[in-house]
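Novice: Structure provided below as structure tokens; questions to follow.
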Amino acid sequence: MNKLLRSYGLATTGCLALAAARPAAAQQAPVQPVVIKFGQPAPADFEARNFVADSAAAAVVLSDVGTTRFRVDGLSFKMDTERTTRIKILKKAGYDYATVEIPLYHRDGDEEKITSLKGFTYNMVGGKLEKVKLESANMFTEERTKNTRVRKFTLPGVREGAVVEYTYSVTSDFFFHLQPWAFQRDIPTRWSEYRASIPEYFDYKMLMQGYEPLAISQKEDGMTQYMASERVQTTTGGSAWQGGGTSHTSTEAQTINARVTNYHWAMRDVPALREEPYMTTPDDYVARIDFELAGERLGGTYRNVLGDWTKINSSLLESDDFGGVLNRGGFLKELVQQLVAQYADPAARAAAVRELVLRNVKYDGSNRAVGSGSAKHTWEQHRGTAADVNLLLIAALRQADLPAQPVLLSTRTHGRVSVSSPLLEQYNYVVALVPLPDKKELLLDATEPLLPAGVLPQRCLNQVGRLVVPAAEGEGRWVELVPAQRHSHYQQVTMTVDAQGNITSQVQEQHGGYSGVSARSKLTELGEKKYVTELTNQHTNWEVPSYKFAAVADVSQPLSLHYEVRQAATTPGTAQELYLKPLASFCESRNPFDNAQRRFPVDLGAPTQDVVLINLTLPPGYVAELPKSANVSLPEQGGSYVFSASSPTPGTVQLISRLTLAKPVYGAEEYGNLREFYRLALAKQAEAMVIKKQ
Amino acid sequence: MLLTILAVLAAPAPKYPVATIAPALRENAHAVVRAYDEVVTVKSASQLVNTVHKVVTVLDGAGSDSYGQLVIEYSALNRIGYLRGAVYDANGLLLHQLRAAEVHDQGVGSADGSFMTDVRVRYADLRQPSGPYTVEFDYEIVSDNTLFYPSWQPQHAENVALEGATLQVTTPTSLPLRYHEQLLPPGAASAPVVAGAQTTYRWQLPAHPAVDEEPLAPPLSTLLPAVRLAPAAFEVQGYKGSLASWQSLGQWVYQLGQGRDQLPPAVAAKMAQLLVEAPNPRDRARKVYEYVQSTTRYISVQLGLGGWQTAPASSVASGGYGDCKALSNYTCALLKAAGLPAYVALVKAGRDQADVRQEFPSSQFNHVILCMPLAAHGTAPADTVWLECTSQTDAFGYMGSFTGNRHALLLTPEGGRLVATPRYAAQANRQQRRTDLWLTADGGAKATVRTKRVGLAQDTYAQLLHEGDPEQQKRYVSNRLPLSHFTITSLRLAAGPATDALPSVNETLGLELSGLATPAGQRLLLEPNLLGRLAALPAQVGARETPLALPPAALYQDTVRLHLPTGFKIDNLPAPTELSTAYGTYRSTCATLPDGTLQYVRQLELRRPNGSTPLPAAKYPEYQDFRRKVNQADHTQLVLVKHEA
């Protein structure tokens, strides 16, 4: 019996059921699948009346159908995915949908390979259907990177109203990585359907996401046959050690009967996916199903490939590029022990170790969950990915006698993680967790020099991370990535207005928390002079004769800027009445939520606080009509806006404006409130105060 | 002890320590180019070798991303001989030597809207966690495309100082070098040295402090020293040519394309039929252009010589797509078949792109268009029509901001000829707007805004109209509304009549506004110019250093009709404003119409007194003053008072 048959011999025990995909909506009446035949376009697809509802779209996916099957090639499994796509091009703006790029991965002799690529374009010209074939001379392959090649083609003869279709099959050796299927694109999709026939030898975790319901979600058990074969060399006459004789090569084949599970999913009339402001990534919202190999059934026994956190943790901690990095920080011992002597307090020591890593290693901008080399290599290179930098950080913390542990997370642009599925693939970043006395914990990251210790970069603020621990300590746990700081902006203004309407102000401005990061990086990029020029430019009629920055390098403090502003009166002469909008120059001029509608949650990453305090001195002999105070709140302590005006002493006015958004994320259903909240706040800030001569 | 001494002796000398940088060069600099030594060796008419030795000290984080790494392009006709790198600390001690495995290689065949090219990049990252540090890169490019010689501009970005740089070109004396020097300081060029059959040219630049980019300045690349090189004779893939003149360059490109204009008989017959259907040449040309626009699209495939040689017309006829060369060649063939001779023309396309350097014939182009002389017909006088063949939606004969207002190289059987493309002045860059505002007593309003944009002013909007879906159109318009809180109740974009001399786009916008007028006690304050305000320029800090490049001439006309809420009256009408300067004219008036409606009218014409040539820096305060006055007038405020009944 050959290897394959031994490995994948009929399984009769260990019958773990495959996790069923979660349908996004309850099952409805049976849905008739849309069946198209390649090479035979439907006449209805050339009638304008069938596309009236799509008048906003540049193109429509009429049908996108894929099927994945396994087969045995020699002794190993291969995965074949056939895909047939038909698209109606409605406008010239939709021509780009006739150009297709298919990325294909290859590594160490294993590859994804494309076969049977065919394509046609159909145009209705004067009542007659014209068909143009995609010629193979017009298909290209680009070696994009070391491991990726891109097959690309564009269909010929594309005009407004054309229907294009193409079909191909991808054969893959990477059954560890069954490609996800997206049911949704940035144009509407009439029908998207995916089938996967998965033999009993493979156990995939399936993860459905998105905001669209499934029209079909079925799972049926069945049987299939695989033909395994092996080329065998036999020698007759002579003996093996003497040589000679005649060699024959023959093929031994065997039929294997196996159980398969046939999955079938489809969506009908899926709207185009649109990006909205304050979104993490559109990938979080697209209707899609993901797969990850959880286990294999070999010779009747189930082998958990990933399956659970204990398993993932062990394989991570045993691997050279993760666990191997954490425990080989010995070369830092001497350096780090100096800090141990210097800092008894664990939090202070952790901050000092982080500072050491920050000063010596630069984050190269790429986000990874697993390292690319040893801690020593990263240290000597002075550069590395997020994983290289932060695994080195953990190694250094451990050398400083701080029991730091890794926390896996997924950055905002990489997408949310699903807590119900332990899939390593969902993570692309790692940070350090340091336990402190009093059951407190410190989350540390050494990629962002503009942030103080204990504050994660904004890209990391994606709800939860996963603590990785050795099996002896359990399976780890979820760690909430609570923003430790806010977007915090504070302005204190001492303002004097004269009888002509000329205004002079002394402004003390502070950017703290995440606002501090953006302000500091802007300052680094522009320099002080340009930073102030840019600030000045946002206002009509502003002159800034002097300014001074403070706490530029001390990232534990808010970035502080003191400046003077002069605003000359626009009309000459002394006025009996002046209209002043003191707050307007120091507050936002536009509602950030300018869209009337919202489909997805508003994700701001961290809470927000914006405070303006103005002490205004009136010209002698003038009095102000004080504006009314206001207090606006969002439901459920979601935020508040407070405005108050008072006259603490004659001839002076004090204005306080305080806007707070308490939550980092607001649901789509809260959007209307959020928009109205800002409208009211902005109206209050723009209000004019009347100043009269007594 | 002895060992220690030996170790010290054996230690390499520090390279480029930061301490040796003159303080003046560190001022206002994120990085300092310590050396930029380029050597160009012309091997033959068909090959040159270019080596670069580049050393940059990165002073702070802002310089790191641009100078701590290196990206070099190569392609089928340009291969990289070697790429070496090293990084040193502030004291000049070696931190790391770049290893081959650390040089990444990547295809960029789909970049910049291309479909397929053979262009690839190699990149190396030597960025360090904190500055200062110094990177040193050495690389060699062997080029089989001698149509292009390198250009040398060691300092070309802001906030980067230069310590020194050299350029050396060695060429067979029989292949004389052509060069163009820009703003070189005295003594930068040395006399060519002839040794045997070789001639060597040398240039060098002394130290120069970092420069700042100022508002409304010409691009820095035109303000800093440069030497641009070009061959006299060249050869690419067996195609010999000369760059001695525009005529000879044109000839070479013309010949590359010769014989590639054969049309399938059915298509040729269809075009010939137009001779009967449309006897008027302009009408006929329009029909040919419409045919091209409805049956082809732009797909860019640039492989090897295919970057310069057009694909045959027959391939466009069968596939329905091509790049700018192929579509222009195809359209030219169609026009010819329809009895309309036209010329393919090379152009340096791009919005706000500086014109070609006319005095230095060389390959400066990035795009291809068509130029068609039209003979007089009946009462219509002779004319020249320019066609953009890569757009499926551009108006017939319109070049716009992408290819207008500059020079193009016509390719004729007699060779190349540099001619001007259409010129678009203020009237051809015009925006007319009529706004009706129905104000409510709480300061909110409903508004209808009708905007007509003509010529250059419609370019972006035409693109938005044809390429954006309704959601994208709304997003774009919404992002540009200078209002605090609004809801777009309707938006419609529509193209003006195709027969107009210039294309136009009409926008109709419905708005619901809140907080438009500010309540102040019993009054409402309102700036009637709510959408058309022109921003003032930033205050000048210190003396203006660079010349003043004005935006293209433009005309803006705004009429706002303000329908007052019941019980409100205007306190007093603002006085009219009138400005007249070399930079433009401005007029705004406010009046009460017989039905009680307030009408605000504003007209602003922006001029370019010097055409596209920048003005001297000394003119900046004058221009700034003009903009300040315009901005002030644009903020004219109305005070509405509620009259108690």
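Novice: Within region B:136-241, which strands (runs of 3 or more DSSP E) (wholly inside it) include 1 or more residues that are within 30 Å of B:Gln624 (Cβ to Cβ), modelled with pLDDT of 95 or more and among the hydroxyl-bearing types (Ser, Thr, Tyr)?
Specialist: Once the strands (runs of 3 or more DSSP E) in region B:136-241 are filtered for at least 1 residues that are within 30 Å of B:Gln624 (Cβ to Cβ), modelled with pLDDT of 95 or more and among the hydroxyl-bearing types (Ser, Thr, Tyr), nothing remains.
Novice: Still on this model: Of the residues in region B:117-133, how many are within 19 Å of B:Asp65 (Cβ to Cβ), within 10 Å of chain A (Cβ to nearest Cβ) and under 32 Å from the mean Cα position of the chain (by Cα)? Outline the logic, then answer.
Specialist: So the first thing to find is which residues in region B:117-133 are within 19 Å of B:Asp65 (Cβ to Cβ), and the list is B:121-133.
Then keep just the ones that are within 10 Å of chain A (Cβ to nearest Cβ); that gives B:125-130, B:133.
Right, trim to under 32 Å from the mean Cα position of the chain (by Cα) and you get B:125-127.
The number of residues fulfilling the criteria is 3.
Novice: Mind telling me which of the residues B:Arg260, B:Arg282 ends up being outside any helix (DSSP H, G or I), out of contact with any Phe, Trp or Tyr (no Cβ under 7 Å at 6 or more places or on another chain), among the basic types (Lys, Arg) and away from chain A (no Cβ under 14 Å)? Can you show your working first?
Specialist: Numbers: B:Arg282 fails: outside any helix (DSSP H, G or I).
Only one candidate qualifies: B:Arg260.
Novice: Kindly indicate the residue of region B:92-116 that is more than 9 Å from chain A (Cβ to nearest Cβ) and assigned to a strand (DSSP E or B) and also surrounded by the most Cβ atoms within 10 Å (Cβ to Cβ) among those meeting that condition. If you could, list the steps in order and put the result at the bottom.
Specialist: Looking only at region B:92-116, we keep the residues that are more than 9 Å from chain A (Cβ to nearest Cβ), and these are B:92-94, B:97-101, B:103, B:111-114.
Still in the running and assigned to a strand (DSSP E or B): B:94, B:97.
On the way: B:Leu94: 14, B:Gln97: 12.
Per the stated criteria, the residue is B:Leu94.
Novice: List the pairs whose first member sits in region A:505-522 and is over 29 Å from A:Pro619 (Cβ atoms), whose second member is in a helix (DSSP H, G or I) and of a type in the set (Lys, Arg), and whose Cβ atoms are under 9 Å apart, counting only residues at least 6 apart or on separate chains?
Specialist: A:His511/A:Arg520
Novice: While we're here: Just checking, does region B:82-91 include any residue being under 31 Å from the mean Cα position of the chain (by Cα) and within 11 Å of another protein chain (Cβ to nearest Cβ)?
Specialist: Among the residues of region B:82-91, not one is under 31 Å from the mean Cα position of the chain (by Cα) and within 11 Å of another protein chain (Cβ to nearest Cβ), which makes the answer no.
Novice: Just wondering, is there one or more residues in region A:652-664 that are over 30 Å from A:Arg598 (Cβ atoms) and touching a Phe, Trp or Tyr at 6+ places or on another chain (Cβ under 8 Å)? Let's see the steps before the verdict.
Specialist: Pass one, region A:652-664, residues over 30 Å from A:Arg598 (Cβ atoms): A:652-656.
Of the ones still in play, those that are also touching a Phe, Trp or Tyr at 6+ places or on another chain (Cβ under 8 Å) are A:655-656.
Yes, some residue in region A:652-664 is over 30 Å from A:Arg598 (Cβ atoms) and touching a Phe, Trp or Tyr at 6+ places or on another chain (Cβ under 8 Å).
Novice: From the list B:Leu491, B:Leu537, B:Leu465, which one is surrounded by fewer than 20 Cβ atoms within 10 Å (Cβ to Cβ), at the interface with chain A (Cβ under 9 Å from one of its Cβ atoms) and either modelled with pLDDT of 95 or more or part of a loop (DSSP other than H, G, I, E, B) (or both)? I'd like the intermediate steps shown before the answer.
Specialist: Details: B:Leu491 fails: at the interface with chain A (Cβ under 9 Å from one of its Cβ atoms); B:Leu465 fails: at the interface with chain A (Cβ under 9 Å from one of its Cβ atoms).
So the residue among B:Leu491, B:Leu537, B:Leu465 that is surrounded by fewer than 20 Cβ atoms within 10 Å (Cβ to Cβ), at the interface with chain A (Cβ under 9 Å from one of its Cβ atoms) and either modelled with pLDDT of 95 or more or part of a loop (DSSP other than H, G, I, E, B) (or both) is B:Leu537.
Novice: Could you list all residues from region B:515-534 that are facing chain A (nearest Cβ under 10 Å) and under 38 Å from the mean Cα position of the chain (by Cα)?
Specialist: Across region B:515-534, the qualifying residues are B:Leu516, B:Arg533.
Novice: Now for a different question. Output the residues belonging to region B:590-645 that are touching a helix residue (DSSP H, G or I) at 6+ places or on another chain (Cβ under 7 Å), of a type in the set (D, E, K, R) and buried (at least 20 other Cβ atoms within 10 Å of the Cβ).
Specialist: Once the filter is applied, which keeps residues that are touching a helix residue (DSSP H, G or I) at 6+ places or on another chain (Cβ under 7 Å), of a type in the set (D, E, K, R) and buried (at least 20 other Cβ atoms within 10 Å of the Cβ), region B:590-645 yields nothing.
Novice: List the number of the failed condition for A:Arg459; all other conditions in (1) at positive phi; (2) in the same structural domain as A:Glu318 (by TED's automatic domain parsing) hold.
Specialist: (1)
Novice: Do you know which of the residues in region B:285-318 that are more than 9 Å from every other protein chain (Cβ to nearest Cβ) and among the charged types (D, E, K, R) is nearest to A:Phe120 (Cα to Cα)?
Specialist: B:Glu290
Novice: Taking the criterion of being crowded, with 18+ Cβ neighbours inside 10 Å, within 16 Å of A:Val370 (Cβ to Cβ) and in the same structural domain as A:Ala369 (by TED's automatic domain parsing), would at least one residue in region A:434-441 satisfy it? Don't jump to the end; show me each part of the working.
Specialist: We begin by selecting, within region A:434-441, every residue crowded, with 18+ Cβ neighbours inside 10 Å; these are A:434.
Checking the rest, the ones that are also within 16 Å of A:Val370 (Cβ to Cβ) come to none.
No: zero hits.
Novice: Any residue in region A:607-622 that is in contact with a Ser or Thr (Cβ under 9 Å, 6 or more places away or on another chain), farther than 20 Å from A:Ala688 by Cα, not β-branched (Val, Ile, Thr) and not in a strand (DSSP E or B)?
Specialist: Within region A:607-622 (the criterion being in contact with a Ser or Thr (Cβ under 9 Å, 6 or more places away or on another chain), farther than 20 Å from A:Ala688 by Cα, not β-branched (Val, Ile, Thr) and not in a strand (DSSP E or B)), the answer is yes, since at least one residue qualifies.
Novice: Those residues that are among the aliphatic types (A, V, I, L, M), touching a strand residue (DSSP E or B) at 6+ places or on another chain (Cβ under 8 Å) and closer than 26 Å to B:Ala549 by Cβ, I need them from region B:334-386; list them, please.
Specialist: Result: B:Ala345, B:Leu346, B:Val347, B:Ala349, B:Val356, B:Ile369.
Novice: Suppose we keep only residues that are in contact with a Phe, Trp or Tyr (Cβ under 7 Å, 6 or more places away or on another chain) and of a type in the set (Lys, Arg) within region B:587-645. Which one would you say is farthest from the other protein chains (Cβ to nearest Cβ)?
Specialist: Going through the qualifying residues, I end up with B:Arg607.
Novice: Shifting gears a bit: Being without any contact (Cβ under 8 Å) to a residue 24 or more places away in the chain, out of contact with any Leu (no Cβ under 7 Å at 6 or more places or on another chain) and within 19 Å of B:Val42 (Cα to Cα), is that true of even one residue in region B:156-177? Walk me through it before giving the result.
Specialist: First pass over region B:156-177, keeping only residues without any contact (Cβ under 8 Å) to a residue 24 or more places away in the chain: B:174.
The next check asks that each one be out of contact with any Leu (no Cβ under 7 Å at 6 or more places or on another chain); those that pass are B:174.
Right, trim to within 19 Å of B:Val42 (Cα to Cα) and you get B:174.
Yes, region B:156-177 has at least one match.
Novice: Which condition from (1) in contact with a Ser or Thr (Cβ under 7 Å, 6 or more places away or on another chain); (2) at negative phi is the one that B:Gly415 breaks?
Specialist: Unmet condition: (2).
Novice: If you take the residues in region B:598-627 that are among the charged types (D, E, K, R) and outside any helix (DSSP H, G or I), which one is nearest to B:Asp355 (Cα to Cα)? Step through it out loud before you land on a result.
Specialist: Quick first cut of region B:598-627, residues among the charged types (D, E, K, R) only: B:602, B:605, B:607-608, B:619, B:622, B:625, B:627.
Narrowing further to those that are outside any helix (DSSP H, G or I): B:602, B:605, B:607-608.
Numbers: B:Arg602: 33, B:Glu605: 24, B:Arg607: 19, B:Arg608: 16 Å.
So the residue we want is B:Arg608.
Novice: Looking at (1) surrounded by fewer than 19 Cβ atoms within 10 Å (Cβ to Cβ); (2) among the hydrophobic types (A, V, I, L, M, F, W, C); (3) more than 30 Å from B:Thr489 (Cβ to Cβ), find the lone condition where B:Trp438 falls short.
Specialist: (3)
Novice: Within region B:362-379, track down each residue that is in a loop (DSSP other than H, G, I, E, B), touching a residue at least 40 places away in the same chain (Cβ under 8 Å) and closer than 21 Å to B:Ala338 by Cα.
Specialist: Going through region B:362-379, the residues in a loop (DSSP other than H, G, I, E, B) turn out to be B:362-366, B:375-376, B:378-379.
Retained after the next criterion (residues that are touching a residue at least 40 places away in the same chain (Cβ under 8 Å)): B:362-363, B:365, B:375, B:378.
Scanning region B:362-379 gives B:Ala375, B:Gly378.
Novice: Could you give every pair whose Cβ atoms fall below 8 Å, whose first residue belongs to region B:465-481 and is among the small types (Gly, Ala, Ser), and whose second residue is in a helix (DSSP H, G or I), counting only separations of at least 6 or pairs across chains?
Specialist: B:Gly468/A:Ala93; B:Gly468/B:Tyr476
Novice: Continuing with the same structure: Answer yes or no: is there a residue in region A:434-441 that is among the charged types (D, E, K, R) and touching a strand residue (DSSP E or B) at 6+ places or on another chain (Cβ under 7 Å).
Specialist: Taking region A:434-441 first, the residues among the charged types (D, E, K, R) are A:438-441.
From what's left, touching a strand residue (DSSP E or B) at 6+ places or on another chain (Cβ under 7 Å): A:441.
Among the residues of region A:434-441, at least one is among the charged types (D, E, K, R) and touching a strand residue (DSSP E or B) at 6+ places or on another chain (Cβ under 7 Å), which makes the answer yes.
Novice: Looking for something more than 30 Å from B:Asp625 (Cβ to Cβ) and hydroxyl-bearing (Ser, Thr, Tyr) - is there at least one such residue anywhere in region B:507-522?
Specialist: Scanning region B:507-522 turns up at least one residue that is more than 30 Å from B:Asp625 (Cβ to Cβ) and hydroxyl-bearing (Ser, Thr, Tyr).
Novice: Among the residues of region A:453-460, are any farther than 22 Å from A:Arg354 by Cβ and surrounded by fewer than 21 Cβ atoms within 10 Å (Cβ to Cβ)? Break it down into steps so the answer makes sense when it comes.
Specialist: Initial filter on region A:453-460 (farther than 22 Å from A:Arg354 by Cβ): none.
Scanning region A:453-460 turns up no residue that is farther than 22 Å from A:Arg354 by Cβ and surrounded by fewer than 21 Cβ atoms within 10 Å (Cβ to Cβ).
The values are calculated or read from the model by the stated rules, or taken from the named source; none is laboratory data. On a predicted model such as this, the values are computed, not experimentally measured, just so you know. Neighbour counts are summed over all protein chains in view; Cβ atoms, including those assigned to glycine, are modelled from backbone coordinates with ideal geometry.
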